[in-house]
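Scroll down for the structure; my scribbles are underneath it.
The values are calculated or read from the model by the stated rules, or taken from the named source; none is laboratory data. No experiment lies behind these values; they were computed from the predicted model shown. FYI the Cβ positions are ideal-geometry reconstructions off the backbone, even for glycines, and counts take in every protein chain you see. Remember, those area values only see protein heavy atoms, side chains included, never the ligands or the DNA or RNA. Shrake-Rupley method; radii C 1.70, N 1.55, O 1.52, S 1.80 Å.
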Amino acid sequence: MNKNPTILPNVTLGYHVYDSCSFARKAVKSVLQILSGPGKTIPNYSCRDHQKFACFIGDQSLTTSMPMAQISSALNHVQVIYGALDENLHRGLFPSLYTSVHELYMIYHYISEVIIHFGWTWVGIIASADESGERASLLLLRILSKFNICVAFIANQGVSVLKVERHVVESVYSAIEKSSVKVIILCGTYHDLIFESSLRRLLRDITLILSPNWASSISLIGKYPEILNCSLSLSFWSKADKNFKNFVDGFHPMIRPKDKLLEDLWMTKLFCSSGNKEKDSLYENVYRISLHNCTGQEHLPDVGDYSSDRTSDPVYRTVESLVNCLHVLYSSQNYSSPKGQTDDEEIYAHKFNRHLKKMSHADVATRKRNEEFIPYFSVQNHVFVNGSLFTKDVLMFFSNGSSYEKVVFNSTIQWKNKKNQVPKSQCSESCLPGYRKVPGFTIQPCCYSCATCAYGEMSNITDSENCMKCPDHEWPNENRTRCISKQSEFLSFTDDTLSLVFIVFSLLCFGKTLLVLVIFILHQDTPVVKANNKSLSFVLLVSIMLGFLCVFFFLGRPVDVTCLLRQVSFGILFTIAVSSVLVKTIMVCIAFKATKPNSMWRKWIGVKLPIYIVLACSSVQVVICVSWLSISPPFPELDTHSYQEKIIIQCNEGSVIGFYSVLGYMGILAAVSFIIAFFARTLPDSYNEAKYITFSMLVFCSVWIAMIPAYLSTKGKYTVAVEIFAILISNNGLLYCIFLTKCFIILCRPEINTKGYLQSQRNI
C-alpha cells in the first residue's frame, strides 16, 4: 500500500501488532497501550505525538473483541473484527464495530448445508461458556431445526465449567455416550480445555465440525491429533490476491537469515537442519523429530499449518478496504497530511466511522463491490499422517446474491473408521422405501420407528413421512417400493387354465350333440324318431349344439362385439331350446287326446303347429333382446375397485333390467314346460317322453336357480365362469335327459325300434 503512489500520496501507513492470546485482559491492555502510545499505559491519555490513529483490526474471537469494542466505541474509534458477529445485537451496542466476514447466520447456515450434504440428522453441539457460545448455540439450534436436523444435546463448556462444576462435565459425558451421535459441532469461542476433560476419550470416535473461530486456531488442531484427526472445519476463503500470495511465498530462511521464527518453522514443520549442531540436537530431543539437510526449494505453503490457515485473507482484505476508505476520506476533505492538526482526533474518528458506513452499508470488506468480494466458505478435512497435518478442501460454498452454490471437489475425505465410510449420525435407522416414519415417544422428530406401508400404498424414498396411494390402474409391488401396472383379469384363451377346461369341455359337448344329431338324421324314419316329432328334435339338437359354442363369446378379452353377442346369443338359443321342449310337452298331451275317436285334437297334430309355437316364443325373447340392445347395450369396462391389486376387464351388462328380463322369460318357459311335463308323465304311450322332459326341466331350473346367487356373489372372471358352467350343465341336462334313452334304443335295442313292436305294445 505504501509503495502505491495512487493511494494516499505523501502518507505513510504504520501498524502495531499485538497477540491477545485469546485472553480478554491482554486484549484490553493492548488496546490501551496502542491508544496511550509508547511508555506507561495511561487511560484516556495519548503520547503518540502527531501520529493519527485510524482504527483497530481484531480480534477473531468475541471473547476478546467485545471488551475491545467497549473501549473503541466509547472513543468512537473504528474497530473491524475478522471473526463473525451477530450484527443485529452488536451493531446497536457498538456503532463503530464492523466485521470483515459474514454474520453468524450465514456461517451456521453453511454448516447446516454441510450436515445435509452428508445425510446427518442427529448431532450434538458443544459451545464455549460465554456470550458468544450461548448465542451461537441457540442460533445454530434454530437453523438446524429449520432443516429438520435434530440436536441431541447442547453443552456449554469453558473455564468455569471445567474447573468448578465437574458434575456438568459428567452429565455432558453421559449425554454424549447415550445419544449415539457421531457428529458434534464446536462453536463459539475456541477453548482447548474441553479436550483436557474426561470427554477427550469419548471424542476420539466422533467426527467434529469446527466453526471458523475454532478452525482458525492452528495450534488447537495440532495439539490434539487423536481427537481432531479426520475432522471437518468451515473457514473463510476468498479469491487470493496474486501479489499477496507471491509476497508470502517469498519468505525463506535463506532470504531472511536473521528471522529466527522462519528458521524454527523450517525445523519443526519441514524438518530442515539449521546448520547449528547444538540447536539441531536440542530440537530433535525436544520435538522427537529427525532433521535433514533441505534443498532450499521449500516454501511456506508447504507447511501443513499454513495450508489450513484462513485468517490471513480476511485480514488482508480488511486492510485493503480500510486503506481505500482512508484514501477517499482524505481526497474528499483535501487533507494535506494526516500529521497535521486540521481536525481534532475525535472529529476525525467520527468522520471516518461515518464514511465507512456510507461506503460499506454496515460492512467493511465483505459486501460485494465487485466480483473480487464474493464470499467463499470452504469445508476442509484435517488429516494427520506420521505426525504431520494435512488439510484439503473437500467442499466449497459461495454466495451469489440471495442464493448460493455448492462445489464438490474430487478428493477423498478421510473418516474415523476402518472402512473410511461416511459415518451415520442418526437417532433412528433410516426407513427404507416401502416403509414410513412413525413418531416416537420423544419430542425429537428425528427419533422415530418405521412401519410398513399400508395395503395398497407405497413409498419410493428413504425416510418417507407418509405412504402414497397408486393411481387406479397401478398397484404397489411386493416390497411396496413402487407402483406397477395392475394385473388384468379375464378368462384368457391362452393364459388361463379355467378357460382351457371350458374350451375342451364345450368342444366335447358340441361333438356329442353333433353325433346325436347325425344319429337322428340317419334314423329319422324309425318309430322312435318319428314318435317324438323329429323336426322339433332337430331344432332342439341344433340349439343345444350352438348353445355349447356360444361359450366362446364369454372367453377372451371382452370387446364391444363379444359383449353385445354373449348374452343375446345365449338368451335366444336357450329360448329356442326351452321352447322346443315346451312344444314337445304340449304335443305329447295333444297326441294322447287325439287317440280318442272323433277327437277335435286331431287337427292340431302336424308339423306346422310346433314350428309356430317355437317361433312365437322365440320372437318374444328377440324383442326383449333388441329392446335391451337399443336402450342400454352391454359394453366392456375396467373394474378397478372390486380388487385393489388387479383390474377386472369385464362386460358391463348395461341395463340390469334387460339382462334379468332375458333370464326371467327363459325361466318362465322352463317352469311352464316343467309343470305340463310333470302332469303328462303318466300318460300311456309307447314312446312317451314327458317323464324325460320333466327330469330335463328339473335339472335346467335347478341349475339356473342355483346360478343366480352364485353369479351375484362372485367377481371378475369367476362371475363369467359361473354363467359358463350353468350354460354347459343345463345344456347337458337337456341333451342327456331327453336324447340318451332314444340313442340307446336306436343303437343298442333296434328290435324295439320297429312298427311291429309298437303295435304289439298297444294291443297289450
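Descriptive notes on the structure:
- Cβ-Cβ distances below 9 Å connect the following pairs, each with a first residue in segment 136-148 that is in contact (Cβ under 8 Å) with a residue 40 or more places away in the chain, a second residue that is polar (S, T, N, Q) and assigned to a helix (DSSP H, G or I), and a separation of six or more residues or different chains: Ala136/Asn213; Leu140/Ser112.
- Within segment 539-575, restricting attention to residues that are without any contact (Cβ under 8 Å) to a residue 40 or more places away in the chain and farther than 17 Å from Ser696 by Cβ, the residue that is least open to solvent (accessible area, probe 1.4 Å) is Ser569.
- Condition met for Leu491 (at pLDDT below 85 and buried (at least 17 other Cβ atoms within 10 Å of the Cβ)): no
- Hey, Val394 of a type outside the set (S, T, N, Q), surrounded by 16 or more Cβ atoms within 10 Å (Cβ to Cβ), modelled with pLDDT of 75 or more and out of contact with any Pro (no Cβ under 9 Å at 6 or more places or on another chain) or not: yes
- Within segment 1-52, considering residues that are at pLDDT 90 or above and in contact with an Asp or Glu (Cβ under 9 Å, 6 or more places away or on another chain), the one surrounded by the most Cβ atoms within 10 Å (Cβ to Cβ): Ala27
- Pairs with Cβ under 8 Å, 6+ apart, first in segment 454-471 and touching a residue at least 24 places away in the same chain (Cβ under 8 Å) and farther than 23 Å from Ser428 by Cα, second open to solvent by 20 Å² or more (accessible area, probe 1.4 Å) and in a strand (DSSP E or B): Gly456/Lys469; Gly456/Trp475
- Residues satisfying the stated conditions in segment 709-738, i.e. more than 23 Å from Leu541 (Cα to Cα), in contact (Cβ under 8 Å) with a residue 24 or more places away in the chain and touching a helix residue (DSSP H, G or I) at 6+ places or on another chain (Cβ under 9 Å): Lys717, Thr719, Val720, Ala721
- Candidate set from segment 606-645 (those that are assigned to a helix (DSSP H, G or I) and open to solvent by less than 30 Å² (accessible area, probe 1.4 Å)); member that is farthest from Ser488 (Cα to Cα): Pro610
- Members of segment 646-698 that are modelled with pLDDT of 80 or more, in a loop (DSSP other than H, G, I, E, B) and not hydroxyl-bearing (Ser, Thr, Tyr): Glu653, Gly654
- Taking the numbered list (1) at pLDDT 60 or above; (2) surrounded by fewer than 16 Cβ atoms within 10 Å (Cβ to Cβ) in turn, Ser336 passes all entries but (1).
- Pick from segment 418-440, criterion in a loop (DSSP other than H, G, I, E, B) and either open to solvent by 60 Å² or more (accessible area, probe 1.4 Å) or in contact with a His (Cβ under 9 Å, 6 or more places away or on another chain) (or both), ranking: nearest to Phe118 (Cα to Cα): Val422
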